[in-house]
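J.: Have a look at this one before I ask anything.
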Amino acid sequence: MKTSQTPSFDYEQQYWQQSIAVAGVDEAGMGALAGPVVAAAALFTAPPDLTEAPPVRDSKKLSAKQREAAAAWIRQTATAWAVGEADVTEIDALNIRAASHVAMQRAVDGLTTKPDLILIDGNPAQPHPTVPATTVVGGDGLIFSIAAASILAKVNRDAIMVVLATEFPEYGFAGHKGYGSAAHLAALKEHGPVAAHRTSYAPVAAQLRST
């Protein structure tokens, strides 16, 4: 297997050779204090022509402009792609890990081409009740379809947070995207939590107790 920083289709090729349809799945927003957790699934059935493709790698290693360009290319090029989310109510009711699995299941269920297997970055997990999953540590840096999913999830979630910024302008969601930046924590302390906040997260819960 390649271990370079540029994701490849090496993993997918193994499954394609066995006529197994495989989708990469990743999420965005697990560590945020506000907003949904968003997951995306990206499925390719053959390596696309990458000659004119923008960089596709772990979304955290791309600028916002690069992610937007990559997301547009992925939407046009992937055999199938879909996005799913779990909102703050589900996050607080279930816990963030379980809610992220709900978002992943929704993304997989939204694919127009159904996968036989999903590839996930990180620790062992089986987020879908009927589609088996294989997890790969550092998968978003190794596996093209996971990297593609990470970009779609991040771009979609960022867009949601920009909308929330217009509903709750005091919090600056468009900038920090709901994560616990100094500015966000200061706004939380000054204004208290709003409906977009995850009340099960410690900084938010602490503010609720103090009001």
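J.: Considering every residue within region 132-149, establish whether at least one is surrounded by fewer than 20 Cβ atoms within 10 Å (Cβ to Cβ), among the β-branched types (Val, Ile, Thr), modelled with pLDDT of 95 or more and part of a loop (DSSP other than H, G, I, E, B).
T.: no
J.: Out of (1) more than 18 Å from residue 154 (Cβ to Cβ); (2) surrounded by fewer than 23 Cβ atoms within 10 Å (Cβ to Cβ), what's the single condition that is false for residue 44?
T.: Against the list (1) more than 18 Å from residue 154 (Cβ to Cβ); (2) surrounded by fewer than 23 Cβ atoms within 10 Å (Cβ to Cβ), residue 44 comes up short only on (2).
J.: Now for a different question. Across region 1-21, what is the number of residues that are closer than 13 Å to residue 141 by Cβ and buried (at least 24 other Cβ atoms within 10 Å of the Cβ)?
T.: Within region 1-21, residues that are closer than 13 Å to residue 141 by Cβ and buried (at least 24 other Cβ atoms within 10 Å of the Cβ) number 1.
J.: With respect to the numbered conditions (1) modelled with pLDDT under 95; (2) within 17 Å of residue 139 (Cβ to Cβ); (3) under 17 Å from the mean Cα position of the chain (by Cα), which one is the sole condition not fulfilled by residue 24?
T.: So the condition that residue 24 fails would be (1).
J.: Would you point out the residue of region 71-85, among those that are in a helix (DSSP H, G or I) and touching a strand residue (DSSP E or B) at 6+ places or on another chain (Cβ under 7 Å), that is surrounded by the most Cβ atoms within 10 Å (Cβ to Cβ)? Before the answer, list the steps.
T.: Let us first name the residues in region 71-85 that are in a helix (DSSP H, G or I), namely 71-77.
So of that shortlist, the ones also touching a strand residue (DSSP E or B) at 6+ places or on another chain (Cβ under 7 Å) come out as 74-75.
Details: 74: 25, 75: 13.
Step by step, filter region 71-85, then rank; the result is 74.
J.: Now for a different question. Looking at (1) part of a strand (DSSP E or B); (2) buried (at least 23 other Cβ atoms within 10 Å of the Cβ), can you tell me which one residue 115 breaks?
T.: (1)
J.: Scan region 77-91 and report the pairs whose first residue is closer than 16 Å to residue 161 by Cα and whose second residue is of a type in the set (S, T, N, Q) and crowded, with 23+ Cβ neighbours inside 10 Å, with Cβ atoms within less than 8 Å and a gap of 6+ or a chain change.
T.: Pairs that qualify, where the first residue is closer than 16 Å to residue 161 by Cα and the partner is of a type in the set (S, T, N, Q) and crowded, with 23+ Cβ neighbours inside 10 Å, are 86/100.
J.: Can you name the helices (runs of 4 or more DSSP H) wholly within region 166-211 that have at least 3 residues being out of contact with any Leu (no Cβ under 6 Å at 6 or more places or on another chain) and modelled with pLDDT of 95 or more?
T.: The qualifying helices (runs of 4 or more DSSP H) are 173-176, 182-191.
J.: Need the failing condition index for residue 169 against (1) surrounded by fewer than 16 Cβ atoms within 10 Å (Cβ to Cβ); (2) in contact with a strand residue (DSSP E or B) (Cβ under 9 Å, 6 or more places away or on another chain), just the number.
T.: Answer for residue 169: the failing condition is (2).
The values are calculated or read from the model by the stated rules, or taken from the named source; none is laboratory data. Just so we're clear, the structure is a prediction, and the values are computed from it rather than from any experiment. Because the Cβ atoms are built from the backbone with ideal geometry, glycine has one as well, and the counts that use them run over all protein chains shown.
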